[in-house]
Amino acid sequence: MKKYGAFDIIGPIMVGPSSSHTAGAARLAKVAAAIAGERVKEVTFLLHGSFSKTYKGHGTDRALVAGILGMEPSDLRLRESIEIAKENGIKIEFKEKYLGEVHPNTVKFVIKDENDRISEITGSSIGGGSIVITEVNGQEVNFTGQYPTVIISHRDVPGAVSKVSAILYDNNVNIAFMSVFRTKKGKAATMIFEVDSILTEEVVKEIKQVEAVDNVIKINPVKA
């Protein structure tokens, strides 16, 4: 028999009528903004399935913008997030878009930062405020945002994963979950570590110094 916790029973603390359409949407956007890294200048939200049909009535549009602004689902400012974004000079746009055979509550974020760098992140709100990120900049991924997470873009060469794992071990960082994705043997790849403690900047700096590593993105856990 499955064991249920308080979160399973009462759901997330949030502003809005639906955990999937508001709490989950805000969390998705907050993770997407963290992946983009720099200050967000423009965002296009490509809404799939249920998100595309009910996003105004369920407040999904405001929740998504709130997440981009770094707000939690419980933040009362969520109701005015679109106006707040405009006041901060952030251009936002919502479009309906079929994204394939994916969860009905899926959104693709196309984010332009202050340096005009484009990031594309796809994720789904899967119920009860829980989320899953499924694609980052064209690379298939799979993580939930519930743990401190590090996304490492690297070249698919022998030893890359073991070197990063050794750095985490040497710094007493316990790995909860790990996955590796690649586009083609010997080409671009992505490793994802979900860990049990917040990674320090010193650890991130060590990982960046691994020869095969091209980029490192650190994401703090999304609050319940």
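The values are calculated or read from the model by the stated rules, or taken from the named source; none is laboratory data. Nothing here was measured: the structure is a model prediction, and the numbers come from that model. Positions of Cβ are backbone-derived with ideal geometry, glycine not excepted, and every protein chain shown enters the neighbour counts. Note: areas computed on protein heavy atoms with side chains; ligands, DNA, RNA excluded. Shrake-Rupley method; radii C 1.70, N 1.55, O 1.52, S 1.80 Å.
Numbers at a glance
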| item | result |
| --- | --- |
| Accessible surface of the stretch 54-184, 1.4 Å probe, proportion on carbon and sulfur as whole % | 48 |
| GNM top mover of ASP75, ASP61, ASP116 - the chain, alpha-carbon springs below 10 Å | ASP116 |
| Nearby lysines by direct alpha-carbon distance to LYS163 (threshold 21 angstrom, same-chain neighbours under 8 apart not counted) | LYS184, LYS185, LYS187, LYS205, LYS208, LYS218 |
| Kirkwood estimate for the chain, i.e. one over the average of 1/r between Cα atoms, Å | 18.0 |
| Qualifying chymotrypsin sites (Phe, Trp or Tyr not before Pro) in the stretch 64-124, DSSP loop, other Cβ atoms within 10 Å at most 12 | TYR98 |
| Gain on full stretching of the segment that runs from GLU38 to TYR169 - 0.36 nm per residue minus C-alpha separation | 44.3 nm |
| Residue among VAL157, VAL195, VAL173 with the largest mean-square fluctuation in a Gaussian network model of the chain, springs linking Cα atoms under 10 Å | VAL157 |
| Average accessible surface area per residue within the stretch 177-224, 1.4 Å rolling probe, Å² | 62 |
| Rounded to 10°, Cα long-axis angle of helix 160-170 versus longest principal axis of the chain | 90 |
| Residue-count net charge about ALA176 - beta-carbon cut-off 9 Å; Lys, Arg +1, Asp, Glu -1 | -2 |
| Additional length obtainable on full extension of the chain from LYS95 to ASP116, 0.36 nm per residue less Cα span | 5.5 nm |
| Where the stretch 8-149 is the region considered: accessible area per residue in Å², 1.4 Å probe | 44 |
| Among THR54, THR22, THR144, residue whose mean-square fluctuation peaks in a GNM of the chain (springs only between Cα atoms under 10 Å) | THR54 |
| Efficiency of FRET between SER162 and ASN220 - r from beta-carbon atoms, R0 22 angstrom, step 0.05 | 0.30 |
| Cα-Cα P(r), the stretch 64-112, percent of pairs per 10 Å interval | 23, 44, 29, 4 |
| Low-density loop cleavage sites - GluC sites (Glu not before Pro) in the stretch 141-224, where at most 11 other Cβ are within 10 Å (DSSP) | GLU211 |
| The stretch 169-222 - convex hull of alpha carbons, volume per residue in Å³ | 100 |
